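Report on the following structure.
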Amino acid sequence: MELAEFIDSLKPAWLLERRDIQRLDVEEDFFRFLKLEYSHKPRTTTRSAVFAALNKQKDSPKFDIPSRDFVKQWIEHPEQLKVLEETYKRNADILPKLRELMKQGKLTDEIKRRVDELLVLGSLPKSTPAGLDVGHEAKMQYVQQVNVQTIPSLAIETAISEHEWVSQGGADRNTLIDKFHLISALPYVDEIVSDDKFFHTIYPVAVETGHVRAKLLGNGEFLSRF
């Protein structure tokens, strides 16, 4: 509770959830493909706007809930986190299987391409910035030529994932959550402060994509400023 109150007292900007960021990244790449003008939407915003996005609704006062209230709810009703925990566990359990498929040569470029297309297709907007229906043909033309390496959050996630498929370690729930946080933050914040070994191991891999904005600092380096 005290930590939640301290965080709110700093009045921080909040980073959108990973999938919301990826949808915005794909949306902007799609509009560029269509040669449409668009306004860049910030990936950091208010806590209220982040919670509204998670619920796929427009921001409103009902989402302006103090962090301590969320913490209190999770403490008093831990069963509400069960579904989320099971989702993370299922995702973490997939990694060893992917590594085995990679060893067997079954994760071909064609399969990777098809996965990329499905991910992008599921992230496309329904309408243009002017509110016009996008249309199925335009979507399919875009998907058939899309290159995830030009889309910041997707390029970073792809680089990290492909590195994990051929390396060892990191096949657990906590590392998966850390990875999601890192993917969201790297293209859109100035600095990430952490002594997490996974972050420091994977950071050079992400930098190679050319989309990393954030500098990764250790806790000691950050605290030495004060």
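The values are calculated or read from the model by the stated rules, or taken from the named source; none is laboratory data. Remember, predicted model here, so these are calculated numbers, not experimental data. Backbone-built Cβ (ideal geometry, glycine too); neighbour counts: all protein chains shown.
Brief remarks on what is shown
- For the stretch 19-35, the candidate set comprises residues that are assigned to a helix (DSSP H, G or I), free of Cβ contacts under 8 Å to residues at least 60 places away in the same chain and over 11 Å from the mean Cα position of the chain (by Cα); within that set, the residue that is nearest to SER48 (Cα to Cα) is GLU28.
- Residue ID - farthest from ALA4 (Cα to Cα), chosen from residues in the stretch 49-93 that are surrounded by 13 or more Cβ atoms within 10 Å (Cβ to Cβ) and among the β-branched types (Val, Ile, Thr): VAL50
- Cβ pairs under 9 Å, 6+ apart, first in the stretch 108-119 and within 17 Å of TYR142 (Cα to Cα) and free of Cβ contacts under 8 Å to residues at least 40 places away in the same chain, second of a type outside the set (D, E, K, R) and surrounded by fewer than 12 Cβ atoms within 10 Å (Cβ to Cβ): GLU117/GLN144
- Conditions (1) assigned to a helix (DSSP H, G or I); (2) within 21 Å of the chain's Cα centre (by Cα); number of the one not met by SER123: (1)
- Residues in the stretch 126-148 that are part of a loop (DSSP other than H, G, I, E, B), in contact (Cβ under 8 Å) with a residue 24 or more places away in the chain and polar (S, T, N, Q): THR128 alone.
- Matching residues, the stretch 42-78, being polar (S, T, N, Q) and either within 14 Å of PRO12 (Cβ to Cβ) or more than 21 Å from the chain's Cα centre (by Cα) (or both): THR44, THR45, THR46, SER48, SER60, SER67, GLN73
- Scan the stretch 185-211 for residues that are farther than 15 Å from THR158 by Cβ and either among the hydroxyl-bearing types (Ser, Thr, Tyr) or in contact with a His (Cβ under 7 Å, 6 or more places away or on another chain) (or both) and the total you get is 4.
- Candidate set: the stretch 80-123, residues that are small (Gly, Ala, Ser) and at pLDDT 75 or above; chosen: the one farthest from ILE156 (Cα to Cα): GLY105
- Picking from residues in the stretch 4-18 that are in a helix (DSSP H, G or I) and in contact (Cβ under 8 Å) with a residue 24 or more places away in the chain, the one that is surrounded by the most Cβ atoms within 10 Å (Cβ to Cβ) is ARG18.
- Within the option set LYS58, LYS72, LYS62, being more than 18 Å from PHE180 (Cβ to Cβ) and either at pLDDT below 75 or not in a helix (DSSP H, G or I) (or both) holds for one residue only, LYS58.
- Of the residues making up the stretch 159-200, those that are surrounded by 16 or more Cβ atoms within 10 Å (Cβ to Cβ), at pLDDT below 85 and outside any helix (DSSP H, G or I) number 2.
- Residues of the stretch 35-48 that turn out to be surrounded by fewer than 16 Cβ atoms within 10 Å (Cβ to Cβ) and either in contact with a helix residue (DSSP H, G or I) (Cβ under 8 Å, 6 or more places away or on another chain) or over 30 Å from MET1 (Cβ atoms) (or both), as a count: 7
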